[in-house]
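The values are calculated or read from the model by the stated rules, or taken from the named source; none is laboratory data. Here the structure is a predicted model, which is why all the values come from computation and not from measurement. To get the accessible areas, we keep the full protein, side chains included, count just its heavy atoms, and leave off ligands, DNA and RNA. Shrake-Rupley method; radii C 1.70, N 1.55, O 1.52, S 1.80 Å.
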Amino acid sequence: MKKTISLLAVAYFFLTAPSPVYAGFFHANEVSTSWNFTKGYEDNDAVYFLLNYCLYQRPVGIARFPDGGTSKILYNKTYLYRWQADQHRLSRLALLDTRERGNSISWSTRMSAAEDTLRIGYHGCGFIWDMARNQLTPVPENETEIFFQTNFPEKRKGPNASPHDVNISRLKKELSGLPFTAWELPSPLEYCKKSNNAYTKDLVRLNGDKYYRYAIIDKLKNELTNQQIRQILKKMDEREMKLLYDKQMEYKILSAETREKLKAIISKNSSE
């Protein structure tokens with residue numbers, strides 16, 4: 001009888017608890033990020049590519065059993081972008097699909113260009129981007145088969161499959177220096193509201209993934225003084241020293257980029 005009452009009490013708690021409390025039991029409070037690029041398609045000094053951007057909370061605790069659990073998806077959209085390297089300009093052109101199709105897009109996406117239009121094959125669906133009108137048109141479902149046969153008659157393979165192809169490594173390298181705002185995407189922090197003190201602790205503890213921590217740094221850089229940033233770095237040093245052997249080395253490696261970004265803010269503030 002007592003066991004039944006206890007189970008009912010636990011069930012009542014989860015049903016009535018506020019969502020942040022509920023999320024803390026089944027999913028991490030911190031938001032993780034997935035960036036999944038296709039290779040680029042170069043046409044008239046511009047490179048077109050797709051990006052699937054996904055924000056999610058990882059399963060924690062009992063939610064990870066028995067097979068690792070399922071992440072809670074907060075945002076999952078695929079966009080068409082145009083990159084003009086000579087102008088150093090990135091443009092988000094269109095939302096490719098509002099339906100969730102997963103984030104494995106690189107292998108399933110194909111592009112070709114003809115008569116000022118970009119033809120896109122994505123997860124078995126066809127899209128046409130009108131370059132002159134800046135307009136995306138989905139191909140009707142009953143015309144999809146002929147669309148693929150006409151625009152993608154052969155599946156090219158190999159690193160030099162087409163002179164128009166731009167490999168993902170080159171694309172990422174060219175785009176790496178862009179600020180997050182250039183992508184016109186929601187920040188992980190929009191789905192994880194915390195105090196600055198809590199965000200600071202997340203940096204020291206390396207909570208979340210690197211994109212989550214980068215978003216925190218981007219937020220705090222205009223709100224904290226150099227002295228406060230130095231305090232964060234000091235706490236990171238102290239945390240590292242308390243760890244033993246392989247854990248200490250792991251923390252040092254994983255925290256390196258975060259520390260460098262914090263130090264860069266101090267240097268920038270000092271030079272102004």
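Overview of results
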quantity	calculated
Solvent-accessible area per residue for region 126-272 (1.4 angstrom probe, square angstrom)	67
With every protein chain in place, region 225-266: carbon and sulfur % of accessible area (1.4 Å)	56
For region 218-272: rounded, prolate or oblate by the Cα gyration tensor [a/c cutoff 1.5]	prolate
Rounded, prolate or oblate (a/c below 1.5 giving rounded, otherwise prolate when a/b exceeds b/c) for region 108-233 by Cα gyration tensor	prolate
